[in-house]
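J.: Attaching a single structure in C-alpha cells format; questions to follow.
The values are calculated or read from the model by the stated rules, or taken from the named source; none is laboratory data. Just so we're clear, the structure is a prediction, and the values are computed from it rather than from any experiment. As a convention, Cβ positions derive from the backbone with ideal geometry for all residues, glycine included, and neighbour counts pool all protein chains shown.
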Amino acid sequence: MTYLKYIQYFYLFAAGFFIYQGFTNLNTQEESPWLMFFFAAMAIFMFFFRRRFLHKMDNRKK
C-alpha cells in the first residue's frame, strides 16, 4: 500500500503536462486547447481526492 502515497503525485505530473499541451495548442487553429485544460482540472481534482482518501485510510488504521 505504500505505492498509494506516490501515485497521487502522478496526477500532478499529468496536470502539468496537460496544461503545457493546452498552452501550446492555444495559438493553433487545428486543435482546441479546452479539452486539455479540462483534463488538467480533472487531474488536479483527482490529486486532492486521492490525498484526502489516503488521509482517511491512515486515520482509520490508528
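J.: For the subset of the range 2-38 comprising residues that are under 18 Å from His55 (Cα atoms) and among the aromatic types (Phe, Trp, Tyr), which member is modelled with the lowest pLDDT?
T.: Tyr3
J.: For the range 54-62, check the following and say yes or no: at least one residue is touching a Ser or Thr at 6+ places or on another chain (Cβ under 9 Å) and not in a helix (DSSP H, G or I).
T.: no
J.: In this structure, does Lys5 turn out to be without any contact (Cβ under 8 Å) to a residue 24 or more places away in the chain, among the basic types (Lys, Arg) and in a helix (DSSP H, G or I)?
T.: So Lys5 fails the test.
J.: May I pose another question? Is there any pair linking a residue in the range 10-34 that is surrounded by 13 or more Cβ atoms within 10 Å (Cβ to Cβ) to one that is at pLDDT 85 or above and among the charged types (D, E, K, R), with Cβ under 7 Å and at least six apart or on different chains, and which?
T.: Within 7 Å, the pairs are Tyr11/Arg50.
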